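Just so you know, all these numbers are worked out from the coordinates, no wet-lab data involved. This structure is a prediction, so every number in the text was calculated from the model and none was measured. All Cβ positions, even for glycine, are placed from backbone atoms using ideal geometry, and neighbour counts span all protein chains on display.
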Amino acid sequence: MVVLSKIYTKTGDAGETALGNGARVAKHSARVNAYGTVDEANATFGLARLHAEGEMDAQLAAIQNDLFDLGADLCRPDMEKDAEAEYPPLRMSDGQVARLEREIDAMNAALEPLRSFVLPGGSALAAHLHLCRTVTRRAERLSVELATMELINPAAVKYLNRLSDWCFVASRIANDDGRADVLWVPGANR
């Protein structure tokens, strides 16, 4: 168990932070932006959980744990050196992606096909899940950008892609299995 004895370290006062391998980088680096946005996404899932119950809450809790795994993965560069590390670095797995896919399939089975785009909203839980979706999409874009510069775990990007899909389908479940979805009406206010 990690025990944090300091609330502030002062090590970031010059605009740098430490990665998982101890290397110091600028706080605005592509890697820090990617895992920082994963952390932001995790906070939005915490807000969604305020409105969730039962199985949905349990699934959201599992996702929050996965997002910490994902942050740990992204903050550790040099995947090719994982075998040399003192402790095995935590990496996202295809199993975590597959779990999201199973959950999406199960939720989607209860939904009628969409005939219009859905506006973010409806129930409080659905609105929060749409916020989760959009922040997750940003984390995905930043991770894809990072992957053009450095090697990252492909399962990390896959997870973020599936997670945004999960959020969309879950938002429809939260809107009375899609019956309370707020549908887009093209040109309604012309």
(Q) Multiplying the sequence separation of Ala98 and Leu183 by 0.36 nm and subtracting their Cα-Cα distance, what value in nm do you get? (A) 27.6 nm
(Q) Among Pro186, Leu114, Ser93, whose Cα projects farthest towards the positive end of the dipole of the chain, with charges put on the beta-carbon of Lys, Arg (+1) and Asp, Glu (-1)? (A) Pro186
Q) Residues with amide H under 5 Å of Val118's amide H, sequence separation 5 or more or different chain, H placed in the peptide plane at 1.01 Å from N; which? A) Trp184
(Q) With an 8 Å Cα cut-off and a minimum separation of 6 or more residues, compute the relative contact order for the range 35-169 in percent. (A) 37 percent
**Q.** Reduced Cα scattering model of the chain, Debye log10 I(q)/I(0), q = 0.17 Å⁻¹
**A.** -1.10
Q) Under a point-charge model restricted to the Cβ atoms of Lys and Arg (+1) and Asp and Glu (-1), what is the dipole moment magnitude of the chain relative to its Cα centre, in debye to the nearest 20? A) 600 debye
Q: Measure nothing but the geometry: give the 0 to 90° angle between the long axis through the Cα atoms of 154-174 and the longest principal axis through the Cα atoms of the chain, rounded to 10°.
A: 30 degrees
Q: Take peptides 49-55, 133-139 and line them up by average Cβ neighbours within 10 Å, highest first, as a rough protection proxy.
A: 133-139, 49-55
Q | Exposed chymotrypsin sites (Phe, Trp or Tyr not before Pro) absent - longest run of the chain, DSSP non-H/G/I/E/B, at most 12 other C-beta within 10 Å | A | 9-116
